[in-house]
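**Student:** Questions regarding the structure given below will be posed in turn.
The values are calculated or read from the model by the stated rules, or taken from the named source; none is laboratory data. As the structure is a computational prediction, the values presented were derived from the model and not from experiment. Note that we place each Cβ from the backbone using ideal geometry, even for glycine, and neighbour counts take in every protein chain shown. Heads up: the accessible areas ignore ligands, DNA and RNA and are worked out on the full protein's heavy atoms, side chains in. Shrake-Rupley method; radii C 1.70, N 1.55, O 1.52, S 1.80 Å.
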Amino acid sequence: MPDALTREAPRLVSAKVPATLAAALAPAWLTQVLGRTVRSAEAVEVIRTVATKVRFAVTFEDGGQGAYCLKGLLDVDEMTARGGPTCVLEADFYGRLAQLVDCTVPDCIATVIDRDRQQAVTVMRDLIVQGAVFCSALDSFSADDALSSLGQIAHLHARSAVLTEFTWIRPRLSQLAEMRYVTPETLQELLDGPRGDGLPRSVRDAPRLIAALKALAARDASRPQFLVHGDAHAGNVFRWNGGMGLIDWQLLQRGGWALDVAYHINAVLPPALAEAEERHLLREYLAMMRGHGLTMPDEDEAWLQYREAAIYGFYLWSITRRVDPPIIVEFVDRLGKAVARHESHALLGL
């Protein structure tokens, strides 16, 4: 296995964005995308969540072979297809930004984007055949694992100067706070289900959670803005050559550093371990960022921002629907207990 990913520049291909798995694996379409004549393609693994991830093997006309992974909205209903802008955002990350950050990410071969329809697919090398191990959402992380993955997040955050140029990276938190389709009634119904079992009633209060998210968005907007992954749970981490890397850039955003750090620590570690290790991990993260040359708040202010930011990940998973229920239940429980432990609502004035 190579010591590092090659991070080759992807091809921006002018082709139709496929809407089905069959269209994505069609040799004629893959010939356009890969820039070599494809004789045949065969799916190796298909993973369907909101977007579909397809590992596939290709045989080229000249007898060569290749192993790739494609991600996009394939064989989805009209409602799911409305999530296309997140696929465009991820394709833009690989096509315009991945070359500029030092964190470990998959090698992207090509992106195909239809900006009018707001749909996109991204084609990457299949890292599994090269020895990478992709974590599952509920993989057991140790404190040392969390420190390693926090190092990747710090590498990302350290490149936040690009936000001056890349105005297309938006403040997702403020957008979440203004969403209309998640009503207090809808959210309360979700929190009253199995995902909310074991959490205090005050944490399961939907109007209070929405108000806390709005308060966090207002405070976050007034603080220095960082390049934020936005969804850094264990399922978006892979192990590579003794270290870790990051995938799934559909919630890429600008925002406070604590959005990633509080979400990540409390999502990848069980509550008891998070409580025991989080201050140490926070100090290590701050030291890494200062090592990258960035000015960071002192420990007391950083701890305050961390405690407030726990609301972000909790809200994300409270509104999640199209993920396996056991994963939703576990993340709502972990992140909700972090909110209760840190009294995040009270810190935000509620």
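**Student:** Give me the pairs: first residue in region 319-342 and open to solvent by less than 20 Å² (accessible area, probe 1.4 Å), second residue at pLDDT below 95 and of a type in the set (A, V, I, L, M, F, W, C), beta-carbon distance under 9 Å, and six or more apart or on different chains, which are they?
**Tutor:** Cβ pairs passing all conditions: Phe331/Ala137; Phe331/Leu138; Phe331/Val323.
**Student:** Now, a different point. Return the residue satisfying two criteria in turn: it lies in region 121-130 and is of a type outside the set (A, V, I, L, M) and within 21 Å of His155 (Cβ to Cβ), and of such residues it is surrounded by the most Cβ atoms within 10 Å (Cβ to Cβ).
**Tutor:** Step one: filter region 121-130 for residues of a type outside the set (A, V, I, L, M), giving 122, 125-126, 130.
In the following step, the residues that additionally are within 21 Å of His155 (Cβ to Cβ) were identified as 122, 125, 130.
Numbers: Thr122: 27, Arg125: 19, Gln130: 14.
Among residues in region 121-130 that are of a type outside the set (A, V, I, L, M) and within 21 Å of His155 (Cβ to Cβ), the one surrounded by the most Cβ atoms within 10 Å (Cβ to Cβ) is Thr122.
**Student:** A further question on this structure: Take the residues in region 296-318 that are outside any helix (DSSP H, G or I) and without any contact (Cβ under 8 Å) to a residue 12 or more places away in the chain; name whichever of them is nearest to Asp220 (Cα to Cα). Explain how you work it out, then say what you get.
**Tutor:** Residues of region 296-318 that are outside any helix (DSSP H, G or I), as a first pass: 296-298.
Going one step further and asking which of them are without any contact (Cβ under 8 Å) to a residue 12 or more places away in the chain, we end up with 297-298.
Working: Pro297: 14, Asp298: 17 Å.
The selected residue is Pro297.
**Student:** Does Leu138 satisfy being open to solvent by 20 Å² or more (accessible area, probe 1.4 Å) and touching a residue at least 40 places away in the same chain (Cβ under 8 Å)? If you could, list the steps in order and put the result at the bottom.
**Tutor:** Numbers: open to solvent by 20 Å² or more (accessible area, probe 1.4 Å): yes; touching a residue at least 40 places away in the same chain (Cβ under 8 Å): yes.
Taking the combined requirement at face value, the residue satisfies it.
**Student:** Here's a follow-up. Among the polar types (S, T, N, Q), open to solvent by less than 20 Å² (accessible area, probe 1.4 Å) and touching a residue at least 60 places away in the same chain (Cβ under 8 Å), is that true of Asn266?
**Tutor:** Working: among the polar types (S, T, N, Q): yes; open to solvent by less than 20 Å² (accessible area, probe 1.4 Å): yes; touching a residue at least 60 places away in the same chain (Cβ under 8 Å): yes.
Yes.
**Student:** I need the full set of residues from region 293-307 which are more than 16 Å from Gln225 (Cα to Cα) and either crowded, with 18+ Cβ neighbours inside 10 Å or under 25 Å from the mean Cα position of the chain (by Cα) (or both), in order please.
**Tutor:** Those that are more than 16 Å from Gln225 (Cα to Cα) and either crowded, with 18+ Cβ neighbours inside 10 Å or under 25 Å from the mean Cα position of the chain (by Cα) (or both): Trp303, Leu304, Arg307.
**Student:** Oh, and also: Would a scan of region 220-229 turn up a residue that is more than 21 Å from the chain's Cα centre (by Cα), of a type in the set (A, V, I, L, M), at negative phi and open to solvent by less than 10 Å² (accessible area, probe 1.4 Å)? It would help to see each step written out before you state the result.
**Tutor:** We begin by selecting, within region 220-229, every residue more than 21 Å from the chain's Cα centre (by Cα); these are 222-223.
Applying the additional criterion that residues be of a type in the set (A, V, I, L, M) yields none.
Within region 220-229 (the criterion being more than 21 Å from the chain's Cα centre (by Cα), of a type in the set (A, V, I, L, M), at negative phi and open to solvent by less than 10 Å² (accessible area, probe 1.4 Å)), the answer is no, since none of the residues qualifies.
**Student:** Just one of Leu213, Leu246, Leu227 is closer than 14 Å to Phe314 by Cα and either aliphatic (A, V, I, L, M) or touching a Leu at 6+ places or on another chain (Cβ under 6 Å) (or both); which is it?
**Tutor:** Working: Leu246 fails: closer than 14 Å to Phe314 by Cα; Leu227 fails: closer than 14 Å to Phe314 by Cα.
Exactly one residue qualifies, and that residue is Leu213.
**Student:** Hey, any hits in region 84-102 for a residue that's under 27 Å from Ile169 (Cβ atoms), more than 17 Å from the chain's Cα centre (by Cα) and acidic (Asp, Glu)?
**Tutor:** Among the residues of region 84-102, not one is under 27 Å from Ile169 (Cβ atoms), more than 17 Å from the chain's Cα centre (by Cα) and acidic (Asp, Glu), which makes the answer no.
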